[in-house]
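> Please see the structure below; I have some questions.
The values are calculated or read from the model by the stated rules, or taken from the named source; none is laboratory data. Keep in mind that what you see is a predicted model, and the values were worked out from it rather than measured. Here the Cβ positions follow ideal geometry from the backbone for every residue, glycine too, while neighbour counts run over all protein chains shown.
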Amino acid sequence: MDARSQRKLRFLAAILGAGALSGIVFVAAHSGLSPSDLLIGVIYGVLISGAIGTFELFASSGPLRDWLGSLSFSASLAVRSAFYAAVIIPVQYFDLGVLIAGRTPNPGQDVWTPIIFSAVLAVALNLLFAISNIIGPRAFFHLLTGRYHAPVEESRFVLFVDIAGSTTLAESLGGLGIHRFLDRTFRTLTGPVIDYRGEVLNYVGDEIIVTWPEASGAVDCRPLRCFLAMRDTLRQFQARFEKEFGVAPRIRGSLHFGPVIVGEIGDIKRAIVFNGDVMNTAARLEELSRDVDGGFVASRAAIDRFKSEPPIALLDLGVRDIRGRSGGIAVTGLA
C-alpha cells in the first residue's frame, strides 16, 4: 500500500475512533451504560465522523482542494461547518442511530441536545484539521504529545529544494503573481513528499525544507527519490503552469545527513525548530547546486546512509569548499 493510502486510512481510523468514543461519552452521560445504549452511541459517532472523514479525504483533499485552499481560514471553516451541519442534523433528527440499532425512536425525545453536542464536536474537529494543516500534521502531533518539549538530538536527512530563477520570476510576475506561483508550486510538490514519507519542516521564501528521521529516510533512498519525483511531477504539470503563469517552475536541490537538535521554541508563537550544523551545511550545499549540472548536490554522508543502491547514477564531485565551513565536504551530483 502506498504512503498516500496509508495516510488516508490512518486519518479515517483516527476520526472514526474519535467519533465512536464521543458517542459513547454522550450516551453514557445522558442515557446510561446499558450495552444497547452504548451501541447506539457508537453508531451515531461512526455515522457522523465517517461522513466528515469521507468529506475531508475525498472532497476537501480531492476535487475541492484548490477551491478551499483559495478561501480564507474563516471562509474555509464556514464551508466545512455547513457540510457538517448538513450531515449532523438529519442523522440526529431522524434518529438514524436508533433505527440502525433496531430500536423504535421515541417521538418525545430531545433531539436538539445531541444535535448541539455533535455540532460543537464537529466544529472542534474542524478547527483541529485547520490548525493541523497550517502547522503540519506531524508538528501538531508532536506539540500535543510534547515529544520535543525538551530538546533532543536526532540523526536526520535534510533536503533543501529551491525554485530556480525566482528573483527573475518575481520581476516578471510581480509580488502577488510570484506568491501565487510559489504557492501553486509548493502545493504541487506536496504529493511526492507524502509519497516518500517526508516531513515538510518549513517554507522559506522560494525554498521548501523536507526532513526524514534516519530510519525512515535510509529506506529505498527516499530523500533522493523524493527530489526526483518532484522534478517529474513538475514536468507533468508544465503545461498547466505555462498556461496560468507563462512559465513552469524548475527546481534545484541539496541533501545532507547528520545530527540535528529538535525542540520547541518561542512563547506566544510556539514552534518546533531544527538547529545544528546539518541545517547550515544543507543550505550551503543548495548554493553549490546552482553551479552543478543537474541542479542537485548530495553530501557523501547522506548517500552512504542509504540502505540500497540509488535509483539513478551519481557523479562523484570530490571535495568542495562551501561558505562558512573549513576543510570542504565530499559531495556527489546527478550523472
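> Here is a check on your reading of the model: is L64 at pLDDT below 80, farther than 22 Å from R7 by Cβ and surrounded by 13 or more Cβ atoms within 10 Å (Cβ to Cβ)?
Spelling it out, it is not the case that L64 is at pLDDT below 80, farther than 22 Å from R7 by Cβ and surrounded by 13 or more Cβ atoms within 10 Å (Cβ to Cβ).
> When the residues of the stretch 300-330 are narrowed to those that are within 17 Å of L228 (Cβ to Cβ) and assigned to a strand (DSSP E or B), which ends up farthest from the chain's Cα centre (by Cα)?
So the residue we want is L315.
> Give the residues of the stretch 225-257 that are more than 19 Å from the chain's Cα centre (by Cα) and farther than 28 Å from H179 by Cβ, sorted by residue number.
If the condition is that a residue be more than 19 Å from the chain's Cα centre (by Cα) and farther than 28 Å from H179 by Cβ, then H256, F257 are the ones that fit.
> Ok, one more. Only one of (1) of a type in the set (G, A, S); (2) without any contact (Cβ under 8 Å) to a residue 40 or more places away in the chain; (3) under 19 Å from A124 (Cβ atoms) fails for A18. Which number is that?
So A18 meets the others, but not (2).
> Could you count how many residues in the stretch 114-171 are polar (S, T, N, Q) and either in contact with a Cys (Cβ under 9 Å, 6 or more places away or on another chain) or closer than 23 Å to L21 by Cα (or both)?
Looking only at that region, the number is 4.
> OK, next. Pairs please, first residue from the stretch 81-104 and exposed (fewer than 15 other Cβ atoms within 10 Å of the Cβ), second anywhere and not in a helix (DSSP H, G or I), Cβ atoms under 6 Å, 6+ apart in sequence or on different chains.
Y93/V111
> Quick one: would you say I115 is assigned to a helix (DSSP H, G or I) and modelled with pLDDT of 80 or more?
The answer is yes for I115.
> So, one more: Specify which of the listed residues (I131, I88) is among the β-branched types (V, I, T) and either more than 18 Å from the chain's Cα centre (by Cα) or modelled with pLDDT of 80 or more (or both).
I88
> Would you mind stating whether D293 is modelled with pLDDT under 90, surrounded by fewer than 19 Cβ atoms within 10 Å (Cβ to Cβ), more than 28 Å from V152 (Cβ to Cβ) and touching a Leu at 6+ places or on another chain (Cβ under 8 Å)?
Answer is yes for this residue.
> I'd like to check something: does the stretch 190-210 contain any residue that is among the small types (G, A, S) and either assigned to a helix (DSSP H, G or I) or in contact with a Gly (Cβ under 6 Å, 6 or more places away or on another chain) (or both)?
yes
> Search the stretch 263-280 for residues being of a type in the set (V, I, T) and modelled with pLDDT under 90, and hand back the single one that is nearest to L143 (Cα to Cα).
I272
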